[in-house]
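The values are calculated or read from the model by the stated rules, or taken from the named source; none is laboratory data. Quick caveat, the model's predicted, so the values are computed rather than measured. All Cβ positions, glycine included, derive from the backbone under ideal geometry; neighbour counts span all protein chains shown. Heads up: the accessible areas ignore ligands, DNA and RNA and are worked out on the full protein's heavy atoms, side chains in. Shrake-Rupley method; radii C 1.70, N 1.55, O 1.52, S 1.80 Å.
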Amino acid sequence: MRRPFVAGNWKMNGSRSHAASLVDGILEGKSDLGDVEVGVCPPFVLIPMVADRLAGSGVAWGAQNLDPNESGAFTGEVSGSMLADFDCRYCIVGHSERRALYGETNDLVAAKFQAAQRDGLVPILCVGETLAQREGDETEAVVAAQLNAVLDAAGPKTMVEAVIAYEPVWAIGTGMTATPEQAQAVHAYIRELIAGRDADVAGSVRILYGGSVKAGNAAELFAQPDIDGGLIGGASLQSDEFLAICRAACQ
Ligand code: PGA
């Protein structure tokens with residue numbers, strides 16, 4: 001059985017006071033959650049205080065990006081070992097905003113995936129197509145290229161210590177969620193692709209859906225057989241809404 005997982009991607013939002021009240025709200029509400037793993041990915045500078053508050057709570061924390069190098073003259077970058085030093089469990093890699101705004105290629109994303117695992121972090125690998133690609137019937141080809149770059153570089157067994165997030169770019173921050181059927185179809189395709197390399201790994205890897213998930217649409221998405229939880233952007237910035245989404249993953 002795959003344990004459901006709901007992770008908050010705060011993106012470049014928040015302040016010390018907002019992060020404190022958000023985390024405290026999650027801690028207050030988490031006792032009535034069922035069997036769901038919960039995690040938050042704050043901006044780098046907020047990780048130390050979030051880590052202090054969440055230590056020992058069972059709620060995990062992680063980062064939104066890392067540099068593939070171990071250390072050295074890489075001004076402005078943060079390495080996986082630095083994140084591990086703050087007890088991050090997760091690190092998002094290949095988010096579509098990084099691919100689109102910062103030119104991250106499939107090869108760079110694969111290098112970040114491997115660097116995260118080298119430093120003991122669990123990568124949350126994001127894949128997904130743009131609206132033009134969906135309309136051009138390229139969804140499967142795009143997702144396959146994104147995933148295969150990592151599978152070729154790292155090998156299928158590495159997916160045991162990873163999470164995949166299917167995030168259609170046209171659904172991120174737009175309010176245009178994929179229908180449960182659209183999402184399920186791509187999730188099943190991703191699992192099939194991995195099964196082509198290793199059936200056991202395909203059965204155990206968690207595949208999250210991301211893109212305008214809200215308390216109101218989470219349950220029907222999470223009810224799909226190949227959707228194992230969500231990567232939540234905007235709706236993870238309010239503890240009540242985020243907790244309601246976490247609860248929807250347990251039903
Ligand atoms: P959204 O973002 O929930 O605000 O659409 C999801 C994401 O980008 O991870």
* Asked: In vacuo Debye scattering of the chain, one point per C-alpha: log10 I(q)/I(0) at q = 0.15, 0.16 Å⁻¹?
  -> -1.03, -1.18
* Structure fact -> Counting only protein heavy atoms and rolling a 1.4 Å probe, one gets per residue an accessible area for segment 83-168 in Å² of 41 Å²
* If you take the beta carbon distance between residue 57 and residue 1 as r and set R0 to 22 Å, what does 1/(1 + (r/R0)^6) give as a FRET efficiency, to the nearest 0.05? -> 0.40
* Asked: Dipole of segment 129-220, Cα-centred, from +1 at each Lys and Arg C-beta and -1 at each Asp and Glu C-beta, to the nearest 20 debye?
  -> 280 debye
* Have a look at 119, 152, 67 and tell me which one the Gaussian network model of the chain (Cα, springs below 10 Å) gives the largest fluctuation. => 152
* Solvent-accessible surface (1.4 angstrom probe) belonging to residue 160, in square angstrom, nearest 10 -> 80 Å²
* To do: Take the chain, connect every pair of alpha-carbon atoms lying under 10 Å apart with a spring to form a Gaussian network, then pick out the residue of 223, 73, 202 with the largest mean-square fluctuation.
  => 73
* Go ahead and set up a Gaussian network model of the chain, Cα springs under 10 Å, then flag whichever of 63, 183, 20 fluctuates most. => 20
* Asked: Of all the accessible heavy-atom surface of the chain, with the other protein chains kept in place and a 1.4 Å probe, what percent is carbon and sulfur?
  -> 51 percent
* **Amide H contacts of residue 5 (H built 1.01 Å from N, under 5 Å, at least 5 apart or other chain)** => 37, 229, 230
* Evaluate the charge dipole of segment 66-194 about its Cα centre and quote only its size in Debye, nearest 20, assuming +1 on the Cβ of each Lys and Arg and -1 on the Cβ of each Asp and Glu. => 180 debye
* May I ask you to evaluate 6.51 cos²θ - 1.76 cosθ + 1.60, the Karplus curve with θ = phi - 60°, for each residue of segment 188-198 and list the ³J(HN,Hα) values in order in whole Hz, giving x for glycine and proline? => 5, 5, 4, 5, 4, 4, 5, 4, x, 9, 6
* segment 30-35 - phi-based ³J(HN,Hα) in whole Hz, Karplus 6.51/-1.76/1.60, Gly and Pro as x -> 7, 5, 9, 7, x, 7
* Asked: Relative contact order (percent) for segment 5-249, with alpha-carbon contacts under 8 angstrom and 6 or more residues of separation?
  -> 21 percent
* Theoretical gain in end-to-end length, residue 17 to residue 78 [0.36 nm per residue, Cα-Cα removed] -> 19.6 nm
* Extension gain, residue 160 back to residue 174 (0.36 nm per residue minus Cα-Cα distance, nm) -> 1.9 nm
* **Peptides ranked, highest mean first, by Cβ atoms within 10 Å: ranges 207-217, 165-175** => 207-217, 165-175
* Net charge dipole size for segment 5-249 [Lys, Arg +1 and Asp, Glu -1 on Cβ; Debye, nearest 20] -> 360 debye
* To do: Run the 1.4 Å probe and let me know the accessible area of residue 105, rounded to the nearest 10 Å².
  => 70 Å²
* Structure fact -> Taking r as the C-beta separation of residue 140 and residue 32 and R0 as 45 Å, the FRET efficiency to the nearest 0.05 is 0.70
* Structure fact -> Under the Karplus relation with 6.51, -1.76 and 1.60 and θ = phi - 60°, whole-Hz ³J(HN,Hα) for segment 164-176, x at Gly and Pro, equal 10, 10, 8, 10, x, 4, 5, 9, 7, x, 9, x, 9
* Asked: Near the amide H of residue 91, under 5 Å away, which other amide H atoms are found, from residues 5 or more places off or on another chain, if H is placed in the peptide plane?
  -> 63, 122, 124
